[in-house]
Amino acid sequence: RPSATITLADTRLSAGESTTVTFAFSEAVTGFDASDVVLSEATGTLGPLAAGSDGKTWTATFTPTANANAASNRISVNLAGVADAAGNAGVGNASSAQYSVHTAGPTASI
């Protein structure tokens, strides 16, 4: 059954900053699309998915919401929505590492 690894190019973001998210499957899969991406623990938006030519890798741009410093900021994939060449569906979810969003501290002018 296919499994997945989700990585963010940058896990320590500043407010207004975006990062590339890579969805890498253990083997070529079919059926993967935006409806398989779970953002319930991610405070932000994911841009369109771009498929790699190998059938294993997709990328998208993720833009977090400002001040989104939740204890569990993660992006997940519902593996039941994808299948390998033999038709075996994935099981469970795969999740990224936690990311954080930081705002700039206060400044002063004299």
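Tabulated data for the structure shown
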read-out: Within region 55-79, considering residues that are more than 11 Å from the chain's Cα centre (by Cα) and modelled with pLDDT of 95 or more, the one nearest to Ala42 (Cα to Cα); value: Asn78
read-out: Criterion violated by Ala86 - all others in (1) surrounded by 15 or more Cβ atoms within 10 Å (Cβ to Cβ); (2) on the phi < 0 side of the Ramachandran plot satisfied; value: (1)
read-out: Residues of region 11-64 satisfying the condition of being touching a helix residue (DSSP H, G or I) at 6+ places or on another chain (Cβ under 6 Å) and acidic (Asp, Glu); value: Asp36
read-out: Extreme residue, farthest from Thr19 (Cα to Cα), among residues of region 73-83 that are in contact with a Pro (Cβ under 9 Å, 6 or more places away or on another chain) and buried (at least 19 other Cβ atoms within 10 Å of the Cβ); value: Val82
read-out: Gly55, sole failed condition from (1) touching a residue at least 40 places away in the same chain (Cβ under 8 Å); (2) at positive phi; value: (1)
read-out: Looking only at region 1-19, and only at residues there that are part of a loop (DSSP other than H, G, I, E, B) and over 14 Å from the mean Cα position of the chain (by Cα), the one that is nearest to Ala60 (Cα to Cα); value: Glu17
read-out: Residue that is farther than 26 Å from Arg1 by Cα and of a type in the set (A, V, I, L, M), where the choices are Ala28, Ala86, Ala50, Ala15; value: Ala15
read-out: Subset of region 20-44 [assigned to a strand (DSSP E or B), within 12 Å of the chain's Cα centre (by Cα) and surrounded by 18 or more Cβ atoms within 10 Å (Cβ to Cβ)]; value: Val21, Phe23, Val37, Gly44
read-out: So Val101, is it touching a Leu at 6+ places or on another chain (Cβ under 6 Å), modelled with pLDDT under 90 and part of a strand (DSSP E or B); value: yes
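The values are calculated or read from the model by the stated rules, or taken from the named source; none is laboratory data. Everything numeric here is computed off the predicted structure, so don't read it as measured data. Quick reminder, even Gly has a Cβ in these numbers, built from the backbone with ideal geometry, and neighbours come from all protein chains shown.
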